[in-house]
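All remarks here apply to the structure that follows.
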Amino acid sequence: MIASHYVYWTFFALMLIGLYVVISHGNLLKKLIGLTLFQVGVFLFYIGLGKRDGGSAPIISDGVEVYSHPLPQVLILTAIVVGVATLAVGLALAVRIFEAYGTVEEDEVVERDRADLATGHDGHQAAGRDSGGS
Amino acid sequence: MIFAVMVALLVTMVLALVRAFMGPGLYNRILAINTFGTKTVLFVAVAGFLFGRPEFLDIGILYALVNFVATVAVLRLTHLQDPWSGTEGGEAG
Amino acid sequence: MTAFSLINIVLLAILVATAVTITRLRALYEAAMLAALFSLVTACLFVLLDALDVAFTEAAVGVGISTVLILGVLALTRSREAVTQRRRRLPGVAAVLLVGGTLGYASLDLPAFGAADSPVHSHPLTEVYLHQSQEAVGIPNTVTSVLASYRGLDTLGELVVVFTAGLAVVSLLGPLRRRRPTRPERPRPIADFDLADYRVIRVVSGGLLPFVLLFALYVLFHGEYGPGGGFQAGVIFASGFVLYGLVFGLDRAQRVVPHAALWSLVTLGLLVYIGLGMATMLLGGSFLDYDVLAPGNPATGQHLGILVVETAIGITVASVMTTIFFSFAGRGVSR
Amino acid sequence: MSVIEVLSGVLLAAGALALVSGGVGLLRFPDFYTRTHAASVTDPAGAGLILIGLLLRVDAWDTAVRLLIILLFLTLTSPTATHILAHAARRDGVPMWQEGDRRR
């Protein structure tokens, strides 16, 4: 069991480390790094399912008989590029949040929103004023 | 023989990795990561020979290029207050 | 123990150790650099797992683009993380235990790693993709033929997602602004950073850059016979521009590719892809059925279709990635 | 065993030795600059030796060309990177190790 499944378990461990960072860390940029860790875990899991013992890359050539499966590779290949594009969207959001609130810590952002609610300000206006002052 | 080289590569990778973890500070880590990058280029080359399909060395070329891009980016972006323009300076960030 | 499993175990251990260290580091610059190392190791592991095309993409994306983006955003915002509070740890640990338990339980049903009789390898599609594709499509790299021919519609969808993400970044970070002309044209090194430093980087990257772009073209057109293709080529092309922008300043990089041209290229790639699909429909086939492109000789038609599609993908991916880089870079300048 | 194979084996062994010694130096040397020394000397040397060792085992010309391109890129980029790295560190005031200091 261990000899045949340890690879999958390591991939799961990577996913879980990423998941922990995403949920527990408050820094938005750290969360995005955690998200990429999680992503890589999933990518490796897909590719691992397509791997075959003694197989070779699925580029047909003479003298090679056993190939790994090309389909997971196609799916992950496109997923990586889509992944970096969505990472860029997340980073852009983080930049905007920093400009509005002056911080990228989730707790501080929430706290400031709460304070704005308590003083009766419209959240958006207050945020705009704050960033203007800082 | 090639397998022995592979083992030496893996040992060196682990050594560089320990340096990257220990630091201290930014520069030791950049140095360790840069060295590690060279090892990955060699890894790809040696793995091609080890598993009998050496025609896929294109990946090694890409790693050599990308490794350089990463080092330049780290130095550039950790060093300037206004990171993108390169015209106005500031102290190290 | 075979050579494969030894290398595999070492690389996996390196990966997990790096991931744990990344979570523990509070200096985010250093965490981002370790993330670059992480993706290099991942790429090595992809090589080991026979996924050469994926290794290509992962190295170019993970090291060349996403690291640069993360570092750039860190330069724009704060680069130290606050201490994680104790009360935040509990939900994370709970989620990890829950998901980990589920995954661990489910993994008992997974086939052994690398088994030849696993459902993946005994599915009839394996035969189609690996062997029948040699007659039907006729190119050795089955990853390319699956990507561009068998699953062409799916790839079109992915390309639209990339396009939309580029659109979202530009709308979040504002349009690409033209720089004020009062700025000095040549990037001047900052006060006490010796000029010689910059000269070395400039000469080496200036000499390297043509090779990067040439290499991207090679990857694009060699994708039928070896690892490579539109996505990889696009990303390599973009990382070449990133290198240029980093070394020579955003100003000159934007003069090489003005943003109007960049946006036309983004849409051009997508339109060529969809246009090809329309053309095959007009010629009497179904959407993206390349057989009809060369009547009586389906293999030639497939070659032609795959080449056009890969080029379209390369154009769109390269220009979207460059647009994203310029948007982040322009943010720093206009502040 | 032909002469070429023996030669290739010797080159590969020398390269592996250079790599491992560079790794040990990177880990054991006391400060950043000495570590740069260890890494920057052994990196291109080890890489060059190993790549030339592999080159001797190749029959196909296209593989040989790829190996040569990798070698060219590595010999160009690796010293450049370490050079600017050391320069930037010096400018940033990373302290130098003196006899009797603690290891950093």
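Just so it is clear, none of the values below were taken in a lab; they were calculated from the coordinates. Only a predicted model underlies this, so the values are computations on that prediction, with no experimental measurement involved. For neighbour counting, all protein chains shown are included, and Cβ atoms are generated from backbone atoms with ideal geometry for every residue, glycine included.
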(Q) On a straight-distance basis, which aspartates and glutamates could pair with B:Lys39 in a cross-link, Cα separation under 16 angstrom, same-chain partners fewer than 8 positions away excluded? (A) B:Asp58, D:Asp43
Q. How large is the charge dipole for the protein assembly as shown, taken about the Cα centre, if only the Cβ atoms of Lys, Arg (+1) and Asp, Glu (-1) carry charge, to the nearest 20 debye?
A. 2200 debye
Q. Residues of A:32-43, mean number of Cβ from any other protein chain within 10 Å of their own Cβ, rounded to a whole number?
A. 5
Q | Calculated diffusion of chain D, Stokes-Einstein form, Kirkwood radius summed over Cα pairs, 37 °C and 0.692 mPa s, µm²/s | A | 214 µm²/s
Q. Extension gain C:His123-C:Arg199, at 0.36 nm per residue separation less the Cα-Cα distance, in nm?
A. 21.7 nm
**Q.** About the Cα centre, charge dipole magnitude for region A:2-133 (Lys/Arg +1, Asp/Glu -1 at Cβ), debye
**A.** 280 debye
Q.
Against the 2.2 N^0.38 Å scaling, with N counting residues, where does region C:1-81 land? I'd like the Cα-based Rg ratio to two decimal places.
A. 1.22
Q. Which residues' amide hydrogens lie under 5 Å from the amide hydrogen of A:Tyr67, considering only partners 5 or more residues apart or on another chain, with H built in the peptide plane?
A. A:Ser56
Q: Subtracting the Cα-Cα distance from 0.36 nm times the residue separation, let me have the gained length for D:Leu55 to D:Val3 in nm, one decimal.
A: 17.3 nm
(Q) Report, to one decimal in Å, the Kirkwood hydrodynamic radius for region B:27-74 based on all distinct Cα pairs. (A) 11.2 Å
Q: Identify which of C:Phe46, C:Phe211, C:Phe113 has the largest mean-square fluctuation in a Gaussian network model of chain C, with springs joining Cα atoms closer than 10 Å.
A: C:Phe113
Q. Of the peptides D:40-50, C:63-73, how do they stack up when ordered by the mean number of other Cβ atoms within 10 Å, highest first?
A. C:63-73, D:40-50
Q | Per-residue average of Cβ from other chains inside 10 Å of C:222-232 | A | 4
Q: Indicate the helices, whole DSSP H runs only, in chain C that combine a mean Kyte-Doolittle hydropathy of -1.0 or more with a Cα extent along their long axis of 15 angstrom or more.
A: C:3-24, C:28-48, C:86-107, C:152-173, C:195-222, C:230-248, C:259-282, C:298-334
(Q) Helix-only mean residue ellipticity at 222 nm, the protein assembly as shown, DSSP H runs n ≥ 4 weighted -39,500 (n - 2.57), per residue, nearest 500. What is it? (A) -25000 deg cm²/dmol
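Sorted by average packing, counted as other Cβ atoms within 10 angstrom per residue and highest first, what order do A:92-99, C:36-43, C:244-251, D:87-94 take?
C:36-43, C:244-251, A:92-99, D:87-94
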Q | Relative counts (whole %) of C-alpha pair distances in the protein assembly as shown, using bins that are 20 Å wide | A | 18, 53, 26, 2, 0
(Q) Which residue, C:Phe325, A:Ile60, C:Leu304, has the largest displacement toward the positive end of the dipole of the protein assembly as shown when charges sit on each Cβ (Lys, Arg +1; Asp, Glu -1)? (A) C:Phe325
Q: Express the C-alpha Rg of chain C as a ratio against the empirical globular expectation 2.2 N^0.38 Å, rounded to two decimals.
A: 1.15
Q: Quantify how strongly other chains surround peptide A:63-69 by giving the mean number of their Cβ atoms within 10 Å of each of its Cβ atoms.
A: 5
(Q) From Cα pairs below 8 angstrom and at least 6 apart in sequence, can you work out the relative contact order of chain C, rounded to a whole percent? (A) 20 percent
Q: Would you mind computing, in nm to one decimal, how far apart the modelled labels at D:Ser21 and B:Val18 are, each placed 7 Å from Cα along Cα→Cβ?
A: 1.9 nm
